[in-house]
Amino acid sequence: VSWSVTKLGHWDVRSPEQIFGRYALPASGALLDVGSNLGWFSWLFAQGGRRVYAVEAFPTNQRAYRTTLCLNPAWNGSVTLAATAVGGPDAAGPCVVSGSAGDNAGNGVLRCGRAEGCEAARAGGLPCEPATLTTLDSLLEGWGDPRFAVVKMDVEGAECDV
């Protein structure tokens, strides 16, 4: 994602108009962005005047997300970031999230309930940090069960668990 944004100026969809003009979205309703990464889809929806609820487990991406919010203060009231991993009701910690090898170091790889922690990731030169874990149901309840027009979920193959 970061390479594409830096080199091409976009990731996947270039502008809010490509989303709002192409799809028959309800006139109101928020975006739920689970696995928001750097927040590209969050920012498109915020630019389009929509409420955004984002979930991101990787602390490196959380810092980038918060930096973008600082640089765009008009979005502060409409964008909420849950800095946590989400899992199913049986998911258990402790959890760590590390960068993935290859071109997309911002793809967080979450591991929960294992004893190895960050040692293996760091030995391979990858960033790794502890991560909190909750359920999507808990987040939605805490947010007052908002109505969503769009749900985007990219959690590296664990979508059915969430």
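Rolling a 1.4 Å probe over the protein heavy atoms of the chain, with every protein chain left in place, gives an accessible area that is 53 percent carbon and sulfur. Cβ-Cβ distance of residue 18 and residue 78, R₀ of 25 Å, FRET efficiency by 1/(1 + (r/R0)^6): the value works out to about 0.80.
Axis angle, to the nearest 10 degrees, between helix 59-71 and the longest C-alpha principal axis of the chain: 30 degrees. Near residue 30, the amide H atoms lying under 5 Å from its own belong to 147, 148, 149, 150; only residues 5 or more places off or on other chains count, and H is placed 1.01 Å from N. Among the trypsin sites (Lys or Arg not before Pro) in region 9-73, those located in a DSSP loop and surrounded by at most 16 other Cβ atoms within 10 Å of their own Cβ are 14, 22. Around the amide H of residue 80, modelled in the peptide plane, lie the amide H atoms of 52, 53, 54, all under 5 Å away and 5 or more residues distant in sequence or on another chain. Solvent exposure of region 34-132, expressed per residue, is 46 Å² of accessible area, with all protein chains present and a 1.4 angstrom probe.
Where does region 62-162 land on Rg(C-alpha)/(2.2 N^0.38 Å)? Against the empirical 2.2 N^0.38 Å value, I get 1.19 for region 62-162.
Give me the base-10 log of I(q)/I(0) for region 1-150 at each q in 0.09, 0.20 Å⁻¹, Debye formula, one uniform scatterer per Cα, rounded to two decimals. Listed by q, the Debye log ratios stand at -0.31, -1.28. Cβ screening of the chain for cysteine pairs under 4.7 Å finds these without a partner: 70, 160.
Applying a DSSP loop filter and a limit of 13 other Cβ atoms within 10 Å to the GluC sites (Glu not before Pro) in region 15-122 leaves 116. Once the mean of 1/r is taken over each pair of separate Cα atoms and inverted, region 42-94 shows a Kirkwood hydrodynamic radius of 12.1 Å.
The values are calculated or read from the model by the stated rules, or taken from the named source; none is laboratory data. Here the structure is a predicted model, which means the values were calculated and not measured. Every residue, glycine among them, receives a Cβ derived from its backbone with ideal geometry; neighbour counts consider all protein chains shown. Please note that ligands, DNA and RNA were not included when accessible areas were found on the heavy atoms of the full protein model with its side chains. Shrake-Rupley method; radii C 1.70, N 1.55, O 1.52, S 1.80 Å.
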